[in-house]
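What follows is a short report on a single structure.
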Amino acid sequence: MAGPEKPADVLANIAQLLRDGLVTQTEPFPETDKEFAQILVELRHTPREDLKKKLVIAGFTDKPYGPDQQRCMECMYFLVHRKWCDLPELAVPVEPDWWCRLWRI
């Protein structure tokens with residue numbers, strides 16, 4: 001029986017999906033708390049093991065995004081020393097230069 005995936009393996013898997021051109025929902029960016037909460041609800045209803053679907057819903061990109069070139073590094077959910085998104089609905093390893101539409105400052 002295989003154990004849980006290591007964060008480094010999950011990070012490599014995410015990076016490969018994004019490099020391979022996974023199309024994600026970068027728009028619309030949630031401008032209100034209600035819109036943000038709707039995305040969280042959708043993520044909560046997605047099985048934890050369905051990583052690809054979570055990335056699509058969250059709108060992940062493997063580069064800075066938008067006119068301000070926002071990055072995970074500046075997001076309030078980014079844990080710098082772990083390279084981790086601490087948003088409970090995601091809870092995945094991320095690179096500092098990535099972005100998702102759940103970005104918050």
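The values are calculated or read from the model by the stated rules, or taken from the named source; none is laboratory data. The structure presented is a predicted model; accordingly, all values stated were derived computationally and were not measured. Methodologically, a virtual Cβ is constructed for each residue, glycine included, from the backbone with ideal geometry; neighbour enumeration extends over all protein chains shown.
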For this session: Could you run through the range 12-52 and say how many residues are basic (Lys, Arg) and in contact (Cβ under 8 Å) with a residue 40 or more places away in the chain?
Result: 2
Problem set entry | Looking only at the range 1-23, and only at residues there that are of a type in the set (Asp, Glu) and surrounded by 10 or more Cβ atoms within 10 Å (Cβ to Cβ), the one that is farthest from the chain's Cα centre (by Cα) | GLU5
Exercise. Just checking, which of LYS34, LYS63, LYS52 is at pLDDT 95 or above, surrounded by fewer than 16 Cβ atoms within 10 Å (Cβ to Cβ), in a loop (DSSP other than H, G, I, E, B) and of a type in the set (Lys, Arg)?
Worked result: LYS63
Exercise. Of the numbered conditions (1) in contact with a helix residue (DSSP H, G or I) (Cβ under 7 Å, 6 or more places away or on another chain); (2) in a loop (DSSP other than H, G, I, E, B), LEU43 satisfies every one except a single condition; which is it?
Worked result: (2)
Seminar exercise, completed: Over the range 24-39, the set of residues over 13 Å from the mean Cα position of the chain (by Cα) and either among the small types (Gly, Ala, Ser) or within 14 Å of LEU51 (Cα to Cα) (or both) is ALA37
